Every structure is written in C-alpha cells, then in structure tokens.
1. Residues of C:121-130, mean number of Cβ from any other protein chain within 10 Å of their own Cβ, rounded to a whole number?
2. Among B:Val52, B:Val226, B:Val318, which one shows the highest mean-square fluctuation when chain B is modelled as a Gaussian network with alpha-carbon springs under 10 Å?
3. How big is the Kirkwood radius of chain A, worked out from every pair of different alpha carbons and given in Å to one decimal?
4. If you fit an axis through the alpha-carbon atoms of helix B:229-238 and take the longest principal axis of the Cα set of chain B, what angle between them do you get, 0 to 90°, nearest 10?
5. Classify the protein assembly as shown from the C-alpha gyration tensor, please: rounded if a/c falls under 1.5, else prolate or oblate depending on whether a/b exceeds b/c.
6. Which value in deg cm²/dmol, rounded to the nearest 500, describes the helix-derived mean residue ellipticity at 222 nm for chain B, given -39,500 (n - 2.57) per DSSP H run of n ≥ 4 and division by the residue count?
7. Just to check, using Stokes-Einstein with a Kirkwood Rh over alpha carbon pairs, what's the diffusion coefficient of chain B at 25 °C and 0.890 mPa s in µm²/s?
8. From the backbone phi of the stretch A:243-250, what are the Karplus-calculated ³J(HN,Hα) couplings (6.51 cos²θ - 1.76 cosθ + 1.60, θ = phi - 60°) in whole Hz, Gly and Pro given as x?
Amino acid sequence: MKLYRSFVQPYLFWMSILIVVPMLLIVFYAFTTSGNDIISFRFTLDNFLKFGEPIFLRVLLRSLSIALTTTVISIIIGYPVAYFIAQANEKNQTLLIMLVTIPMWINMLVRTYAWIGILSENGIINNIMTGLGLPTLNLMYTDFAVILGMVYNFLPFMILSIYTVLAKLDKALINASYDLGANKTQTFMKVVLPLSVPGIISGITLVFLPAVSTFVIPKFLGGGNYVLIGNLIETQFITVGEWNFGSAISMIMASVIMLSMFITKRFDQDLEERQSRKEVG
Amino acid sequence: MKKIIGLLLMTLLVAGGLSACSPKETLHVFSWGVYIDEDLIREFENEHNVRVIYDEFASNEEMYTRLLSGEQYDVLVPSDYTIERLVQENLLQRLDLSKIPNRSNLIPQLVGLPHDPQGQYSMPYFWGNVGLVYNMNKVSVDDLEAQGWEILRNPTYAGRVYFYDSERDAFMIALKALGYSVNTTNEAEIQEAYEWLLQMDATMNVVYVTDEIIDSMIAGNKDIAVMYSGDAVYVQIENEEMGYYVPEQGSNTWVDAMVIPSNARNVDLAHKWINFMLSHEAALANTIEVAYTTPIQSVFDEVTAEGGDYADYLDSYVPRLDNPLDEAFRYNNEIKKLLSDLYTLVKAQ
Amino acid sequence: MVGSKKAWISSFVMVGGVLLFFYLPILILMIFSFNDSRSLTSWAGFSLRWYEELFSSRDVASAVGTTFIVAIISTLVSTFVGTLTAIGLSKSKKIVKDVVNSLNNLPILNPEIVTAIGLMLLFSAMNIPRGYITLLLAHISFSIPYVILTILPKLRSLDPNLAEAAMDLGATPWQALVKVIVPQITPGILSGALIAFTMSFDDFVISYFVTGGGVKNISILVYTMSRRINPSINALSTLMVLVITIVLIIINVIPMLNKKERIPIE
C-alpha cells in the first residue's frame, strides 16, 4: 500500500507548481503595481479601486444579467426537452441523446462562427426577409445575438444534466404516486420536479459559469464595443498589457462566481431540508 | 503497464525527433493580418533554405504587449508612433544599412520622418491615411464636405456606421473634429475628445470592428466606415458603390515599417528579409495582393500610371500630401496611458 | 406514460425544434463550404476551391498537426499520471484525499480564462518561452484533474482486498497493480483518456493565452482566420464535423458489436 500512496507525491508536486502557484500569482499581481517586472513592485489596492468605477461595475452587471438570461432560457427550453427524451423508449433515448451530444463535440468557435453568416445584415435571415418583401432585421452585434450564441453553445449541457437525473429516476416512485391517486400534473410537481433539482443545479453550474466568463461569443457576435467581463480581462492582458488590473478583475469575477455558486448550493440544500421536514412532519 | 510506458516513450521520441528535425534556420516575423502576398514567404524560404514563422497581430498595442511578454521575434512591422516608442525604450537595434541596398528604391518623402529621422531603425513597408468609406448612393457628398468627421455623429446615419476599433484612430478623429492636434498633451482637449467619443457612442449605435469591416463594407452592410486607405482601395475594387473621403479637418498619415528588435536571433536573415521586401518584385506583389500603398517609387509609378492596377483608385491609393492639418502620430508615454484608459471606458459603455 | 396524442405531438415538435436549432447553423456552414464565391450567404455554385485552399495552406496543416500532437501527448501523460495518482489516492489517508480533491477542483471550477491567465503569469515569471512546451504543460495540467475525477469513483467500487490477496499469493505490488487493479478499472481509464483528448483537442481559451512563437492549434487558427470572411473555415469545420460524427458512430457501434460476439461464448 505504501507504494501506491507514493504515487500521489509526484502529482502533489506538479499540482503545487501548475495549479496553486498560478492562482497565487494572480493574487500577487492583483495586489501590486509595477511594469511587468517581478523585481519592482509595491502593494496597493489601486487595481481594485479602479474597478469600482461605475463603467466597470456596469460591465460586471451586464455580464451577470446576460449569463442569468442565458441560464434561465436554457432551463426553460432544456427541461422540457430532457423530460420528453427521458419519456421515450430506450432505443430512442440513446439516439436522441447522441443527437444532442454531437454538437457539443464541435469546436465552440466554429459553432459561434456559424451564426455570423446567418445573423449579419446580408445574412441568411435577412436574405429570407428581403425575399419575402419584409424589412431587414438588425440582429448582429446586439444583446439578442450574444444571448442566442450563448444559449446555442451551452443548452446541450443543461439538457444532458437534467436528462441524466431524470433517466435515473426510480419509476417505482412515479407509479406509487399514481397509485396513491395523483394525476400527471401533481406527480410532476411533487415527485419528478423536486427530485430533478440536482440536475438543474448542475446544469446551472455548467451554463452560468462559462456564460459569465466567455469572451469569444461577445467578440464574434457582439462587436468590439460589446464588452463583457471576459472581454475586459482579455484586452487587459493581450492588448493593453495591464496585467495587474487584469488580475484584479479576474479575482473579482472569480469571487462573484463563487458567491453565486454558493448561493445556488444553499438553495439546493434549503430545498432538501424543506422536503425532509415535510416528509417527517 | 509495460505497453503504456513503451507507448509513452515512443511518442516522446517521435515528438522529440520531429522537433529536432528542423535544422533549418527560422525567421520569426510579426506583422499585420493579411499584409503580405503569401507566395513571397515561400519564395524567401526556398531561396535561403530557411523556415519563416509568420505571426500576425491586430493592433500595435497587441504587438507591443506580446513583445514585452518575452516572445522572441526577428522582424516586426509596427506603425510609426510605436517605432518611436520602441526606439525610446531601447527595444530595437540599428539596421546595418549596407545589407539593405534596395532602400534606394524608397519614395524620398518616406525617409527621415519624425519617428526615425536618420532612417537607422526602420524601413517603410506600407503607408496611407485614414478616411471615410461611404456608400455613394446613400450618403450625400455635401454632408461629407460640410461635416467631415462630424458626420460620424450625424443622427441621420445612426446605426449605419462602422468604427475602426483602434484607440489612436478614435481619438484622432475626435481631436480633428474639434480642431485640435492629434498629438496634444493638453488634458482638457483630450477630455473634450473623450466626451466627443462618448456622445457618438451613446447616440449613433456605432459598431466597433477591426478587419471584419472590409468584408462587411464590400457586402454593403452599412453606409459609412472609418477605414485605412489601403482597405478602402480593396473595398472600392470589390464594390463600385463605395467612395472614399478624407475630411478637410485633417487626418492621420501613417507609415508601417519593418524593424529588428534588440533580442532578435537571426539578425542577418532579418536584414535579408527586409531587403527582399523592398525589392521591386516583392513590393509589386505585395501591393497588388494587399492593395495598400507601396513605399517603393518604381512600383508606385507603375501602378498609378495610366492603365496601372490602381489608376482608377487614386483617391484612396494615393494619400494626399498637401493638407497641413494631416499629422503623423507621435509617441508620448503618459498620454498613451490616459488614452488607453479612456478608450476602455468608451467601449465599456 | 402514454398520454394523449396532442402531448406526443407537442413533445415531438419541441424536441425536433431544438434539434433543428442545433443542426441548422452547422448544416448551413457545411453547405457554404462548397460555395463557389467568397460569400457566406449567397450561393454561387458548387465548388471545391475552399477545400483546395485548405489543403494547400501550410498554416492549416501545421495547426492541425499541433492540435493532434498536443492532444495525443497530453492524453497519454495525463491518463498515465492520473491513473496512478487516483490509485494512490484511493489508498491514502483522508487528509491527503481532501487536499488533492480540493486542489483538483480549482482548474475544474475556475472559469477557463482565470486558469489561462494564471498559467500565462506562471510561464512568464519562470521565463519559459511560450510555445509547444507551455502548450503541452497547460493541457496536461488541466486534463489530469478530469482523469482523476473519472477514475476515482470506479476505484471506490473495487473490492479493496483483491490487490492484497494478489500480493499474499506472491505478486509484487507492480504486478498486482497491472494485473489486478488496472484491468478492473479499464473502462474508467478509457473514459478519462477520452475526456482528456476531447478537452485538449477542443481547447481555445487556455491555448490562446499560453501559446507563442507562432504555435497554433485549430481553435486559435479559426479565431484568427475569422476576422475576414473565409469559407476555408467552413471547409475546415465541415471536415471536423465529419470526423467527429464518424468517431462517435464508431464508439457507439463497437460496444454493440462486442456484445453480439460474447453471447455465443456463453
């Protein structure tokens, strides 16, 4: 057994360099100011204070609201789809889930790029509109385009998360509910839905997190002035060269995300507690 | 277990072998996107039996940040004001002019410009100015002549304007519209320019793009676009409805030039590349492919002459040299930081 | 759960609609890869010119090569290390398990861009020239946690005494490892390897920040190419979609074929 335990040591070493140190570096850069030299630096809270300006707070809020909208839409569309797939017979289920999964394997950049040709002023949709004699729609570089791109990229994750939980649901529970006299709606509301909440929660994690931090989708579909927090971080590091400010923004974004995840998990736990109380009471 | 280890070793050996299998010298060039006739790269590689790694950037700022983050390059192609900055910060090395005989082909007005007065650090690659590409059927020339850059804030055209996503050019336009110098260090004037941009951003529903602007204007997606003269030439060739206008309020005349960073590894090869780009054949191929204005006199004469490739596009291909309000950008460290921050704010609206 | 016909039709429409939503843009992308003109929106006739341009582009060839080489090497290394570490973890004290698990969660829960800039800062501080090496290091470091995460549950369901029994019978710990433990968790190892490969193959954000020296993978290539309208991207995407579909079909069909073979033996 000792031999086996020693297997962990090399990885611990590796992890501390490649996982822990980078995070420490981000914190370091966030709290210091300098050029990009490590030698000359001084501690400061300036980077964080800079973010306090209304503009940047607005960027953060915009990112959160877009991510939230995307998540909600994904749940609204994803839940029914996952539910109906779970109702199908086994052969169809495998086929349908495979059909949902295949797009996920296609590169996210390619999937986002595909919408440019569809939404732009001379794109497919507007070609159809002009063909029908209707005025063209201004779809590209709008909130709509960005949310559409996000839903398109992340919806499969939501569907899969919810489906995984629904598929494992014990059919006996549902039958028991019918036996006890509940109709379809009541069974759904009181048995299926509550039991599927873990799936929704993990789906939210898989959608909200990337939606808040992505920069490719707003860049392709939103234009250069569509700045979400991911874009802000990217420009600070790649174009502007302000690694300190960029690190501070990353820390702020990471904290906000952790907070939202924490709240979501608490919500999940609260639900469970309430349920177990109901069962006892 | 043995199989896994064996497989691992084999792969590492192969990978190691593959990477060791390039005993050729490599030349690392960092330049703008779509800025060269790619056949020239292959020609250079074959002639000197070397490998060229051709990397692209989208803005001077990105190039600078990448350079400073420790990346190693042999040839860079920055714009004039960035060359000034690199020289000030001792990041470039002096060129060995004896290795660049083709520099005698250069248009005389492009040598000895403020960013490189003795022509020791840079060799021009393309040049041009900044102007407005407009749909001749949808935008009135009277408006253009009367308003100049202010047309970008004319509500008649709201939602139909593309703006080039560049902090320098954004402030250039605002400052020129207000009648100030693009190189002003007067913070009040810069603040006014900032507000000019904010107002434009708030009322005109402007879209900020970089190279996407070219194909979009060819497709006629919008009616007015701020573009570099070279891109304007290309758009005009592909879309006959497009015209090019440079406001009388003044614009920026720019030069992109080839330089060699201090930490370049293949200095001799870098000189060969630069000399090659200045040759008549290479410069001709480049200007035909990219449509930007060539700095080589003989090529310039050839393509602008009667029957030349760009004879019909002289208004965009030939930057005017007679308007005293046209300026070149100069580099100033503090102002650059101020502009950077303000521009981030403008875009974040 | 038979339900009325209306319910069946509406669910059919809903699922069908969503699938259509997923596949239409990709189909349009693929169709226009055969377009004779540069446009992404108006059809000018059938042509293979974009495929020709794709295959003659040295940039594309090198990006595809880089993507595969990095994916293969990082998969092999991370699967190897991940498997051994997971096995080690399963026999370790609780505190070690907790520490490793929490640290493992960092790259998984962190937004990709945060992991990316962390690595970029690390490589810059350690003065490692950005390129192939940093790309490999980055890919390996974000793959191993997923491999461990996939294999650990499989290890938990193993009988803990089997390895001991083998050693009692005279096997060396290595032999017990290779001949007893590994074969039982092979499906987990393969799953982990597949996940590692996919994550490396598809990666954009982390690669974009840590690479340098002209080294690009397919995602970065698409990102830089997409500034100009370039149906070669469509061609590249079409090929990628075809390859993925074929691979997925193979993966799903082979287990079925295996099952059919086993039945006669029983």
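No value in this document is a laboratory result; all are computed from the given coordinates. These numbers come from a predicted model, not from an experiment. Positions of Cβ are backbone-derived with ideal geometry, glycine not excepted, and every protein chain shown enters the neighbour counts.
1. 5
2. Residue with maximal mean-square fluctuation among B:Val52, B:Val226, B:Val318: B:Val52.
3. 22.3
4. 80
5. It comes out prolate by the Cα gyration axes.
6. Using -39500 (n - 2.57) per qualifying helix, the result is -13000 deg cm²/dmol.
7. Values: Rh = 21.7 Å.
Calculated translational D: 113 µm²/s.
8. So the Karplus estimates, Gly and Pro as x, are 5, 5, 4, x, 5, 4, 4, 4 Hz.
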